[in-house]
Amino acid sequence: MPILDTFGPTHPAAAPQLSTSSPSAARKLGVLPRPALDWNDEVAGDTAHLYERIKTVVPSIEWPFFAPYVKAINSLKQQRGAVILAHNYQTPEIYNCVADFVGDSLQLAREAAKTKAEIIVQCGVHFMAETAKILNPDKVVLIPDSRAGCSLASSITGEDVRLLRERFPGVPVVTYVNTSAEVKAESDICCTSSNAVQIVESLGADKVIFLPDEYLARYVAAQTDVKIIAWKGHCEVHERFTADELRRYRDDDPSIQIIAHPECPPEVLAEADFTGSTAHMIDWVRGRRPRRVVMVTECSMADNVQAELPDVEFVRPCNLCPHMKRITLPKILDSLLSLQEEVVVDPLIAKKARRAVERMIHLKS
Ligand code: SF4
């Protein structure tokens, strides 16, 4: 079914909308002193099993810098009773060596909803930290760098959603989780790229407003009979891939497998052997074990899957997300020591946004 209509931002991209508080958790729980961060035999021995996991993607010359942070973070995590959630786009030393749970936005939202830990450190971008806070209003949610934004989240405001509702009265609003709490609060239900088609069809409507990713909306529209009203938001990482570059990979090696994320433009998806969310892409490679594969998504994910599957050759068209890359081991350590930056969401907005997120989480697959 083609897209019914597409609307666009009428405002310049907004600055990251995350609110962080004055250090209330730090006042209550205290700031801890900085541990020694020396590379020595003890640190090497204590972290050797972790380096084993990433030795195919992190050169041994870099490990003496990472290892003292890895050791300190893992010990502080226990001391603080904290849990670290890391997105698939985090770098290998974070994803494999300090994270308690890894995954795509849906998997991280589910873990955030389930965790018993009192402190959640979100290694991802600010909409993910906000989602964790929305689901855990009484817990401390930390993001190691609150400037970690997202071009999709910045493309739309709550006011934009209210205007669309006025224009299309009675049409339900499905919002990708890559949005601010304010936008989620104006929505009927959230979705991720893992479950977007299922969520759209679950509403039983002949028409839905699907926000804010235009290319994901086009992908969904191609899979369903529901008419889609879309928004012109784009991921600044996935919109850079081109069909030409993928054709060149195929010309060089006709047996290569190309798998792509649905935030890519339609002509890029047309060149792919498989399209799916980051979690579905990882499952596809685990199940198929192709000889050579191009993962058309953020570059760090190929490193993370390569660490797990050394027999697969990953060809990396390396587009990095500058927001995801703001999260580093030194910032995670600082965050656990100082309990900063603590995420705050206005309780009224959080209550409305929670309905939309929980409705998605509880939808049976
Ligand atoms: S990869 Fe794209 S969608 Fe994901 S956080 Fe970065 S800008 Fe946003």
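The values are calculated or read from the model by the stated rules, or taken from the named source; none is laboratory data. Everything numeric here is computed off the predicted structure, so don't read it as measured data. Glycine also receives a Cβ, built like all others from the backbone with ideal geometry; neighbour counts cover every protein chain displayed. Only protein heavy atoms, including side chains, enter the accessible area calculation; ligands, DNA and RNA are left aside. Shrake-Rupley method; radii C 1.70, N 1.55, O 1.52, S 1.80 Å.
Can Ala86 be described as within 16 Å of the ligand (Cβ to nearest atom), assigned to a helix (DSSP H, G or I) and crowded, with 22+ Cβ neighbours inside 10 Å? So that I can check it myself, show each step before the final result.
Numbers: within 16 Å of the ligand (Cβ to nearest atom): yes; assigned to a helix (DSSP H, G or I): no; crowded, with 22+ Cβ neighbours inside 10 Å: yes.
When the stated conditions are applied, Ala86 does not pass them.
Pick out the one residue from Leu106, Leu29, Leu18 that is open to solvent by less than 50 Å² (accessible area, probe 1.4 Å) and either touching a Gly at 6+ places or on another chain (Cβ under 8 Å) or modelled with pLDDT of 85 or more (or both). Reasoning before the result, please.
Values: Leu106 fails: either touching a Gly at 6+ places or on another chain (Cβ under 8 Å) or modelled with pLDDT of 85 or more (or both); Leu29 fails: open to solvent by less than 50 Å² (accessible area, probe 1.4 Å).
Just a single option satisfies the conditions, and that option is Leu18.
Which residue, of Asp283, Asp303, Asp311, is in a helix (DSSP H, G or I) and open to solvent by 50 Å² or more (accessible area, probe 1.4 Å)?
On the way: Asp303 fails: open to solvent by 50 Å² or more (accessible area, probe 1.4 Å); Asp311 fails: in a helix (DSSP H, G or I).
None of the other options fit; the residue is Asp283.
Restricting the search to the stretch 286-300, which residues are open to solvent by 30 Å² or more (accessible area, probe 1.4 Å) and closer than 11 Å to Val312 by Cβ?
Going residue by residue through the stretch 286-300, those that are open to solvent by 30 Å² or more (accessible area, probe 1.4 Å) are 286-289, 291-292.
If the condition is that a residue be open to solvent by 30 Å² or more (accessible area, probe 1.4 Å) and closer than 11 Å to Val312 by Cβ, then Arg286, Arg288, Arg289, Arg291, Arg292 are the ones that fit.
Give the residues of the stretch 327-353 that are open to solvent by 50 Å² or more (accessible area, probe 1.4 Å) and assigned to a helix (DSSP H, G or I), sorted by residue number.
The answer is Lys331, Asp334, Pro347, Leu348, Ile349, Lys351, Lys352.
For the stretch 309-344, give me each residue that is out of contact with any Ser or Thr (no Cβ under 7 Å at 6 or more places or on another chain) and of a type in the set (Val, Ile, Thr).
Matches in the stretch 309-344: Val312, Val315, Ile327, Thr328, Ile332.
Just give me the residues in the stretch 26-44 being in a helix (DSSP H, G or I) and more than 21 Å from Pro92 (Cβ to Cβ), in sequence order.
Answer for the stretch 26-44, where residues must be in a helix (DSSP H, G or I) and more than 21 Å from Pro92 (Cβ to Cβ): Ala26, Arg27, Lys28, Leu29, Asp41, Glu42.
Is it the case that Arg167 is charged (D, E, K, R), within 16 Å of the ligand (Cβ to nearest atom) and surrounded by fewer than 18 Cβ atoms within 10 Å (Cβ to Cβ)?
No: the conditions fail for Arg167.
Here's a check for you: in the stretch 150-159, which residue that is under 16 Å from the mean Cα position of the chain (by Cα) and crowded, with 23+ Cβ neighbours inside 10 Å is farthest from the ligand (Cβ to nearest atom)?
At the first step, the residues of the stretch 150-159 found to be under 16 Å from the mean Cα position of the chain (by Cα) are 150-154.
If we keep only those that are crowded, with 23+ Cβ neighbours inside 10 Å too, we end up with 150, 152-154.
Numbers: Cys150: 3, Leu152: 5, Ala153: 7, Ser154: 9 Å.
Checking each candidate, the answer is Ser154.
Being within 17 Å of Val197 (Cβ to Cβ), within 21 Å of the chain's Cα centre (by Cα) and without any contact (Cβ under 8 Å) to a residue 40 or more places away in the chain is the filter here, so list the residues in the stretch 253-281 that pass it.
Matches in the stretch 253-281: Ala260, Phe274, Met281.
Run down Leu135, Leu142 and say which single residue is closer than 17 Å to Val125 by Cβ, modelled with pLDDT under 95, away from the ligand (no atom under 16 Å from the Cβ) and of a type outside the set (Asp, Glu).
Checking each option against the conditions leaves just Leu135.
Can you confirm whether Arg247 is touching a residue at least 60 places away in the same chain (Cβ under 8 Å) and not acidic (Asp, Glu)?
no
Only residues in the stretch 164-183 that are modelled with pLDDT of 95 or more count as the first member; pair them with residues that are part of a strand (DSSP E or B) and surrounded by fewer than 24 Cβ atoms within 10 Å (Cβ to Cβ), Cβ under 6 angstrom, at least 6 apart or cross-chain, and list the lot.
The qualifying pairs are Val171/Lys207; Val174/Ile189.
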